[in-house]
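The structure appears below as C-alpha cells.
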Amino acid sequence: MEKNIKWTKNNIKRTNYKECIEFLNEGEVSKAKSFHESFDQYTVTPLADLSNLANHIGLGGIYLKDESYRFGLNAFKVLGGSYAMGKYLASKLNRDISKLGYKELTSPEVKKELGDITFATATDGNHGRGVAWTANKLNQKAVVYMPKGSSITRLENIIAEGAEASITEVNYDDAVRIATDYANENNGVVIQDTAWEGYEEIPTWIMQGYGTMALESIEQLKNNKIDRPTHIFLQAGVGSLAGAVQGVFASIYGDDCPTTVIVESNLADCLYQSAKAGKMKYVGGEMQTIMAGLACGEPNTIGWEVLKNHSAAFVSCPDWVAANGMRILGCPIKGDNQVVSGESGAVTAGLLFEVMTNPEYAQMKEDLKLDENSKVLLFSTEGDTDPEVYKEIVWQGAHTK
C-alpha cells in the first residue's frame, strides 16, 4: 500500500472562473445561514486558535473550525442536507426560503399542505444522520443506505434519529444509485451531496448550506483581528464541502482569495487524479480507508468546476496522515485547545504538520509559500463519530507510517 503523500499543483486552464461560483455568493449563502439560525439547536461552532502548534511548526497561525459541536450531531454534514430539504419544501410550497424557517415549516398548516414526504440518501454516516435528524425535526421520513464496511455505531446513530437505515454490500457510489432507485420507485426525494447530469439542483442547495460554515469562520477570524487567512486546507470526498468553502471564499475575496489546498484519501483520490489528468476522473473499488467520510470515487460535477478553477493544489494522503492529525489535535501543545477530531476531520491537520516538519515535502512547502507569515484555516468536519475507532487510533496507535 502506498505510504507516501502525493500532490500536484493545479495547472488546469480556468474556463468559467467567475460563473462557477455565482451560486456561492455571500447573498445566497446568507440565506442558508439564516435558515440554520431558525433552528433552536443552532449555535456557532468554535474556531480553535492553535497558536502554539503554529509556532512549533513554523507558521504564523493555525485556526481550526470544530464542527463536532454542530447541532449536537458531531459533524458538519447536517448543514447541507437540512438546507436542501428546506429549499425543496419551499419549492413545493412555491415560497421563498427566506420566509420559511423551522417554525413555519413545522406548523400544522404547512404540514397539511405538504403531506408526507420521504427523503432518501446514501452515506458513510454523517450526511445520513443529518438528513435523518432534519426529517425528524420537520415531521417527515428518511431512508438511508450505507456502503459496505460502514460503522455499526454510525448506523445506530442514524436509526436513533427515526430513519430507516441499512448497510449495503456495495461501495458508496453504488449506494447512491440504490438510494436514487428507491426514491424513483417510491415517489421520494434524493438528498445527495454529489451531482451528476440531470441531478444538480439539490447538490447546489447542499453546497450553499455548507457555506454557513465558511461565513461563520470569516466572522470569527475577523473577531480575532485577521482579515483573511493566507491558506485554507480542505478535505474532500466528492468535493461538495471543499467546493462550497472554496467558492464562498473566492466569491468574497476575489483575486485576494487564500491559497486553497484540497486533501483526499489516497484510496479515494478522484479529485487528485482529475487534477493530474486535466479532466474529471473516477476511482473505483471498495475504498476501505479509515477516512470513511472521504471514501467517494466520483466527483461532484458542480464542486469540481469550482475546485479546478480556484484551488492551488490537490493532495492524496495515506491513512496514517489522518491518524497523526487525530493525535496532534487530541493531545495538543500546552495552551492550545483540545479538538476531538475524527478520521475525516483531522487529515488536513496531519498533512499540514507533515509538510511543515518533514524535509521530504520541502518542495510542497516552498511551492505553497508556507512560512512564519502564513495563517492557515482548517475545518475539523467531524468529532469521534465512532468512539471505538477513535480510541483505537488515538490511544492504541493504530495506522502509523
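A Cβ-based charge dipole, computed about the Cα centre of the chain with Lys and Arg at +1 and Asp and Glu at -1, lands at about 540 debye.
Since only I21, N10, H36 are under comparison, the one whose Cα sits farthest along the positive direction of the charge dipole of segment 1-41, derived from C-beta charges on Lys, Arg, Asp and Glu, is N10. Between the Cα long axis of helix 26-37 and the first principal axis of the chain there is an angle of about 70°, rounded to the nearest 10. A protection proxy built from the mean count of other Cβ atoms within 10 Å ranks the segments 65-77, 386-398, 190-202, most packed first, as 65-77, 190-202, 386-398.
Note on segment 78-198: dipole from Cβ charges, positive end direction compared against G128, N94, P147; the farthest Cα belongs to N94. When you count the other C-beta atoms within 10 angstrom of each residue and take the mean per peptide, 40-49, 375-384 line up highest first as 375-384, 40-49.
Summarising the overall dimensions of segment 48-120 from its C-alpha atoms, the Rg and Dmax are 19.4, 59 angstrom. I'd like the distance separating the alpha-carbon centroids of segment 337-388 and segment 274-311, in whole Å. Using only Cα atoms to place each centre, the spacing works out to 19 Å. Given in Å, the Rg to one decimal and the Dmax to the nearest whole number for the Cα atoms of segment 234-363 are 14.7, 45. Relative to the first principal axis of the alpha-carbon coordinates of the chain, what is the inclination of helix 319-330, with its axis defined by its Cα atoms, in degrees from 0 to 90 and to the nearest 10? Rounded to the nearest ten degrees, it is 90. For segment 327-398, the alpha-carbon radius of gyration amounts to 1.22 times the rule-of-thumb value 2.2 N^0.38 Å expected for a compact globular protein. Largest mean-square fluctuation among T289, T212, T15, in a Gaussian network model of the chain whose springs join Cα atoms under 10 Å apart, belongs to T15.
Summary value for the chain: 23 percent relative contact order, contacts being C-alpha pairs under 8 angstrom separated by 6+ residues.
With a Förster radius of 35 Å applied to the C-beta separation of Y42 and E286, the computed FRET efficiency comes to 0.45. Each residue, T106 and T400, gets one label point 7 Å from its Cα in the Cβ direction; the gap between the two is 4.8 nm. Computed about its Cα centre, the charge dipole of segment 78-198 is approximately 520 debye, with only Lys, Arg, Asp and Glu carrying charge at their Cβ. Going from the fewest other Cβ atoms within 10 Å to the most, the residues S374, S82 appear in the order S374, S82.
Applying 1/(1 + (r/R0)^6) with r as the Cβ-Cβ distance of E388 and E169 and R0 = 25 angstrom yields a FRET efficiency of 0.65. Enclosing the Cα atoms of segment 78-198 in their convex hull gives a volume equal to 99 cubic angstrom per residue. Positive end of the dipole of the chain (Cβ unit charges, origin at the Cα centre): among Y182, I202, H56, the Cα lying farthest that way belongs to H56. Evaluated at q = 0.15, 0.17, 0.32 Å⁻¹, a Debye calculation over the C-alpha positions of segment 1-55 (equal weights, vacuum) places log10 I(q)/I(0) at -0.93, -0.94, -1.22. Judged by the mean number of other Cβ atoms found within 10 Å, the most tightly packed of the peptides 4-12, 138-146, 244-252, 168-176 leads the ranking 244-252, 138-146, 168-176, 4-12.
If the chain linking S34 and Y199 were pulled fully straight, counting 0.36 nm for each residue of separation and taking away their Cα-Cα distance, it would gain 56.9 nm. Return the single residue from N186, N309, N337 with maximal mean-square fluctuation; model: Gaussian network over the chain, springs between Cα atoms under 10 Å. Residue with maximal mean-square fluctuation among N186, N309, N337: N186. Computed from Cα positions, the angle between helix 301-310 and the longest principal axis of the chain comes to roughly 30 degrees.
Every number here is computed from the coordinates shown, using simple stated rules; none is lab data. This structure is a prediction, so every number in the text was calculated from the model and none was measured. Don't worry about glycine lacking a Cβ; one is built from the backbone with ideal geometry, like all the others, and counts go over all protein chains shown.
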